[in-house]
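Q: This is the structure I have questions about; it appears just below.
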Amino acid sequence: QVQLVESGGGLVQAGGSLRLPCAASTSIFSRNPMGWYRQAPGKQRELVASITTSGNTNYADSVKGRFTISRANANTVYLQMNNLKPEDTAVYYCNTLINSLLYWGQGTQVTVSS
C-alpha cells in the first residue's frame, strides 16, 4: 500500500511563497506520474500541476509562471508556490497513478491572506 504525505502548508500573506513536499512511503515517483491538486471550500478539486515519469510538466493556467512542480528524488515531489494570491487558498493534495489506481494524500491547508 502506497502512502502519500503532504506538508508545508500554512498561512501566508499575498505575494509570499510556500513549498509543499509530497513524500511517498516507497520509491514510486521515478516510475509513476504524479500531480498536485487543490480544493477550495465549495469548489471542485482541480489539477494544479503534474509531472510525468520523463519529467514533463503541466500547469493550470491560473498558476503558470508562479508555481513549479519538481521531483527531488524517487520519494519526494515538491510544489514551489510563489507570488501567492488569496484565490490560491485551498487544501492541496498530491496523488499518483499506479497500475490504474489513484493514490491520494490527506492534504495540507494553504491560506493566503490579502
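Q: In square nanometres and to one decimal, what's the mean projected area of the convex hull around the Cα atoms of the chain?
A: Value for the chain: 6.6 nm².
Q: Tell me, what is the percent relative contact order of segment 41-95, built from C-alpha pairs under 8 Å that lie six or more residues apart?
A: Relative contact order here is 23 percent.
Q: I'd like the trypsin sites (Lys or Arg not before Pro) in segment 62-114 restricted to DSSP loop residues with at most 15 other Cβ atoms within 10 Å, sorted by number. Display every interim value, and only then the final one.
A: Working: sites: Lys64, Arg66, Arg71; in loops: Lys64, Arg66.
Hits after loop and neighbour filter: Lys64, Arg66.
Q: If you don't mind, another one. Quick one: dipole size for segment 31-92, taken about the Cα centre, charges +1 on Lys/Arg Cβ and -1 on Asp/Glu Cβ, in debye to the nearest 20. Mind dumping the intermediate values first?
A: Numbers: 8 positive and 4 negative charges, 23 e Å.
Around 100 debye, computed over segment 31-92.
Q: Restrict the search to segment 21-58; then list the trypsin sites (Lys or Arg not before Pro) that DSSP places in a loop and that have at most 14 other Cβ atoms within 10 Å of their Cβ. It would help to have the intermediate numbers written out before the result.
A: Working: sites: Arg31, Arg38, Lys43, Arg45; in loops: Arg31, Lys43, Arg45.
The qualifying sites are Arg31, Lys43.
Q: Compare Asn99, Asn58, Asn82 in a GNM of the chain, Cα atoms joined below 10 Å, and give the one with the largest fluctuation.
A: Asn99
Q: Then there is this: Over the chain, give the accessible area per residue in Å² for a 1.4 Å probe, as an integer. Show your work: numbers first, answer last.
A: Numbers: 5920 Å² over 114 residues.
With the other protein chains kept in place, the chain gives 52 Å² per residue.
Q: Now for a separate question. With springs only between Cα atoms under 10 Å apart, run a GNM on the chain and tell me which of Thr26, Thr96, Thr68 wobbles the most.
A: Among Thr26, Thr96, Thr68, the largest mean-square fluctuation in the Gaussian network model of the chain belongs to Thr26.
Q: Would you please name the chymotrypsin sites (Phe, Trp or Tyr not before Pro) within segment 73-105 that are DSSP coil residues with at most 16 other C-beta atoms within 10 Å of their C-beta?
A: Values: sites: Tyr78, Tyr92, Tyr93, Tyr103, Trp104; in loops: none.
For chymotrypsin sites (Phe, Trp or Tyr not before Pro) across segment 73-105 that sit outside H, G, I, E and B with at most 16 neighbouring Cβ atoms in 10 Å, the list is empty.
Q: Return a whole-number percent for the relative contact order of the chain, with Cα pairs under 8 Å and 6 or more residues apart as the contact set.
A: On the way: 281 pairs, mean separation 42.0, N = 114.
Computed over the chain, the figure is 37 percent.
Q: If you build a Gaussian network model of the chain, linking Cα atoms that sit under 10 Å apart, which residue out of Ser54, Ser100, Ser70 swings the most?
A: In this elastic network of the chain, the residue with the biggest mean-square fluctuation among Ser54, Ser100, Ser70 is Ser100.
Q: Further question: When Lys and Arg each count +1 and Asp and Glu each count -1, what net charge do the other residues less than 14 Å away from Thr111, Cβ to Cβ, add up to?
A: Working: positive: Arg38, Lys85; negative: Glu87, Asp88.
It works out to a net charge of 0.
Q: Now for a different question. Give me the tail of P(r) for segment 1-64 as a percent: Cα-Cα pairs with distance above 19 Å.
A: Values: 876 of 2016 pairs.
Roughly 43 percent, once rounded to a whole number.
The values are calculated or read from the model by the stated rules, or taken from the named source; none is laboratory data. Computed from a predicted model, the values in this text were never measured in an experiment. When we count neighbours, we look across all protein chains shown, and the Cβ atoms used for this are built from the backbone with ideal geometry, even at glycine. The protein model used for the area step is the full one, side chains on, heavy atoms only, and it has no ligands, DNA or RNA in it. Shrake-Rupley method; radii C 1.70, N 1.55, O 1.52, S 1.80 Å.
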